[in-house]
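Everything below concerns the one structure shown next.
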Amino acid sequence: MSTRHSTAAARFLKDREQEKWHDETLWLVRAKRDKMSRSLPEWETLRNLAASIKLYSNSHLADLLEQFEKNAAGNGAIVHWAKDAEEYNRIVYDLLKERNIKRLAKSKSMLAEECGMNSYLMERGIDVVETDLGERILQLMHLKPSHIVLPAIHIKRQQVGEMMEREMGTEKGNFDPTYLTHAARKNLREIFLNSDAAMTGVNFAVASTGEIVVCTNEGNADMGTSFPKLHIAAFGLEKIVPDLEALGVFTRLLARSGTGQPITSYTSHYRSPQNGGEFHIIIVDNGRSEILKNREHIRILNCIRCGECMNTCPVYRRSGGYSYTYFIPGPIGINLSMLKNPKLYSDNLSACSLCLSCSNVCPVKVDLGEQIYRWRQQLDGLGQANPVKKQISMGLKYLMDRPKVFNTALKFAPLANQMPRFVLYNKLNAWGKGRELPHFAKKSFNELWKNNQVK
Amino acid sequence: MKVGLFIPCYINAIYPEVGVASYKLLKAVGMDVDYPLDQTCCGQPMANAGFEKESYAMAMRMEELFKAYDYVVGPSASCVAFVKEYHPGILKEGNHVCSNAGKIYDICEFLHDVVKPASLSAEFPHKVSIHNSCHGVRELNLSSPSERNIPYYNKLRNLLALVKGIEIFEPKRIDECCGFGGMFSIEEPEVSVCMAQDKVADHISTGAEYITGADSSCLMHMQGVIERENLPIKTIHIVQILATGL
């Protein structure tokens, strides 16, 4: 009864040393987050406030987005609207093509990842260079992110060093992180100086001022946007917040949740184009307005992509980002993938023990675990139910709906305790993979009670 | 106060001694306890697997069985949480208003919040590590979830503190999941086993002789790993400790 997730997870777990490292490293981020969140007595109030603001913004999107557009235009920015990934990619490409731009310095954007922008542009001859170090490492290794905030968390520095020997001519066998960082910085500096356009993601778009806010730790967004005359920024429409006061609530939560820092090293506000330059902002829907209609899952739009649900998820930490079939892994990824295409991505639903840690850690109170439970109820209707699980469920139902049959079964159950090991422990018994089976009692509680033996 | 004892299916079948200890304990604190015969299951296993609709008859049956009682009390936080959180929604399909949800308690919650005994006769001269189970913590508020910025509390610890001779510990990752999760344990066996191994190791590192908690399902899962690997720790349901000497 395996899913694509469980199969990939089993593969990940073959290397227990790497698994342990992955688990402990991400747990450490969770621990840092706990410390940070406890440094604010008003933490739970902030979470409530943030969740309320998001529910407000997402139910007033039309007004807030138009307000944003008006104010951004007033600041001298040009606002574009993209219905889907295709439109978004085409807008970016046209902007570059019309200006005969060959190289784009790009800072981190999950939206670009969602829309497959890099490959779209590269197929059309644009050199897209990732400037976030983690993303850059992955780009040069031809790999995908395994975490949304710590995209290269699964890569060891030895692997990075070997890649940089090839790509940047670093000293052979020198895997010193400081040395490698300096080399990467030097390499990227050339790109910053020689790019004709910069692209940034957007953490928050402020309706009342028409500005966008980008949070990074490396300053790569700032470097990227400082030189070229063209800055393109794009955001999914749920990134809108009403005003700067609301923004303050989120900037206090974002880094504390995501990485356990009080704030990201850089929180950059972009309002106007630089002198003689252009500032284009693309507002992207790509399925988000459909989620708005979905009462059971609307809170997913609260997500600020802090990534903490991954760090806290006991399954994610022990199975790695690549075990999920969607580009965003972990609890938020499971949910986003189901909203994107439930038939295609239902394999991710097995990656949850319903421990609900994600729902409690989430700074914007997305009920991630509860939503996974609700998605599971849809599987049978979608024709995606696991046949073995269905069979077990129906068998249990038969038994549990018939107390007499159940009680009789309990009478005979202890016989199983005596069965030879090969009958009980074989390939069909997934429980037996690492665990002994429980032993049935000689007399059930029901029987003891009937016989007046409970005193 | 008439208390209906709720004995979930797997406790009925595998851990009847947990049911017996629950009965004794409730009696000892002065409750009028009864066990409505022929209970089966609350429906959680099928629901968590994605077949919530199939639990309707089970939820309805529980409504009938416990109609006459002021309280429904059971020694399994997860099953109690399922009745409390999910039965109302399941029964709504048949336009039935769930009455159990408002009067069901995990036995620890019931003792701690309703009965509030000042003392117990229990004695257990052992080191125990508390297993703060996911649904006990995050659905029934048996202790402060580690994710939340609220003052530490633990109802299980408070109850265990009434036991003579006991030494109480908690694991470092205080309320991380043991990896049971119902059918999760067989659909994702590798991850599930890994979670149980890590959890048991965390409990062992406290120096405890026993893992104790309000959920026999988590204890059963960890017991599976302990037995397979011959690990130096035992599991015991909290009511079996609280009911010693009765």
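Worth a mention:
- Enumeration of residues in the range A:336-364 that are farther than 30 Å from residue B:132 by Cα and outside any helix (DSSP H, G or I): A:341
- Qualifying residue in the range A:348-360 (condition: farther than 29 Å from residue B:182 by Cα, in contact with a helix residue (DSSP H, G or I) (Cβ under 9 Å, 6 or more places away or on another chain) and buried (at least 24 other Cβ atoms within 10 Å of the Cβ)): no
- Only listed residue being touching a helix residue (DSSP H, G or I) at 6+ places or on another chain (Cβ under 7 Å) and within 25 Å of residue B:196 (Cα to Cα), chosen from B:90, B:107: B:107
- The selection criterion, being surrounded by 24 or more Cβ atoms within 10 Å (Cβ to Cβ), over 20 Å from residue A:239 (Cβ atoms), in contact (Cβ under 8 Å) with a residue 40 or more places away in the chain and away from every other protein chain (no Cβ under 11 Å), holds for residue A:329.
- Subset tally (residues that are among the charged types (D, E, K, R) and touching a residue at least 24 places away in the same chain (Cβ under 8 Å)) for the range B:42-78: 5
- Evaluation of residue A:208 against (1) closer than 24 Å to residue A:60 by Cβ; (2) buried (at least 22 other Cβ atoms within 10 Å of the Cβ); (3) of a type in the set (Gly, Ala, Ser) (one fails), failing number: (2)
- Residue list for the range A:289-314, filter: assigned to a loop (DSSP other than H, G, I, E, B) and over 19 Å from the mean Cα position of the chain (by Cα): A:293, A:294, A:295, A:296
- Residues in the range A:229-253 that are out of contact with any helix residue (DSSP H, G or I) (no Cβ under 8 Å at 6 or more places or on another chain) and surrounded by fewer than 22 Cβ atoms within 10 Å (Cβ to Cβ): 6 in all.
- Any hit, the range A:379-389, residues being within 26 Å of residue B:243 (Cβ to Cβ) and at the interface with chain B (Cβ under 8 Å from one of its Cβ atoms): no
- Set B:38, B:70: member being of a type outside the set (A, V, I, L, M) and more than 7 Å from chain A (Cβ to nearest Cβ): B:70
- Residue match in the range B:78-86 (condition: under 20 Å from residue B:139 (Cα atoms) and touching a Pro at 6+ places or on another chain (Cβ under 8 Å)): yes
- Selection count, the range A:130-165, where residues are over 23 Å from residue A:24 (Cα atoms) and touching a Lys or Arg at 6+ places or on another chain (Cβ under 7 Å): 4
- Residue within the range B:198-210 that is assigned to a helix (DSSP H, G or I), within 11 Å of chain A (Cβ to nearest Cβ) and under 19 Å from residue A:10 (Cα atoms) present: yes
- Boolean, residue B:55 is buried (at least 24 other Cβ atoms within 10 Å of the Cβ), touching a Pro at 6+ places or on another chain (Cβ under 8 Å) and not assigned by TED's automatic domain parsing to the domain that holds residue B:198: no
- When the range B:214-246 is limited to residues that are within 14 Å of another protein chain (Cβ to nearest Cβ) and small (Gly, Ala, Ser), the one that is surrounded by the most Cβ atoms within 10 Å (Cβ to Cβ) turns out to be B:216.
- Checking residue B:97 against (1) touching a Pro at 6+ places or on another chain (Cβ under 8 Å); (2) assigned by TED's automatic domain parsing to the domain that holds residue B:154, the condition it does not meet: (2)
- Listed by position, the helices (runs of 4 or more DSSP H) contained in the range A:386-435 that have at least 2 residues being more than 40 Å from the chain's Cα centre (by Cα) are A:403-412, A:414-417, A:421-424.
- Only one of A:17, A:66, A:98 that is without any contact (Cβ under 8 Å) to a residue 12 or more places away in the chain and either within 20 Å of residue A:312 (Cα to Cα) or buried (at least 20 other Cβ atoms within 10 Å of the Cβ) (or both): A:17
- Exactly one residue out of A:198, A:234, A:246, A:205 is modelled with pLDDT of 95 or more, within 24 Å of residue A:182 (Cα to Cα) and either assigned to a helix (DSSP H, G or I) or within 25 Å of the chain's Cα centre (by Cα) (or both), and it is A:198.
- Of the residues making up the range A:390-410, those that are more than 23 Å from residue B:192 (Cβ to Cβ) and more than 10 Å from chain B (Cβ to nearest Cβ) number 1.
- The range A:394-408 residues that are acidic (Asp, Glu), paired with ones that are in a helix (DSSP H, G or I) (beta carbon under 8 Å, 6 or more apart): A:401/B:57; A:401/B:58; A:401/B:61
- Residue A:451 satisfies every condition listed in (1) more than 9 Å from chain B (Cβ to nearest Cβ); (2) within 27 Å of residue B:246 (Cα to Cα); (3) surrounded by 14 or more Cβ atoms within 10 Å (Cβ to Cβ) except (3).
- Some residue of the range B:184-206 being of a type in the set (Ser, Thr, Tyr), surrounded by fewer than 24 Cβ atoms within 10 Å (Cβ to Cβ) and outside the structural domain of residue B:22 (by TED's automatic domain parsing): yes
The values are calculated or read from the model by the stated rules, or taken from the named source; none is laboratory data. On a predicted model such as this, the values are computed, not experimentally measured, just so you know. Here the Cβ is made from the backbone with ideal geometry for all residues, glycine too, and neighbour counts use every protein chain on show.
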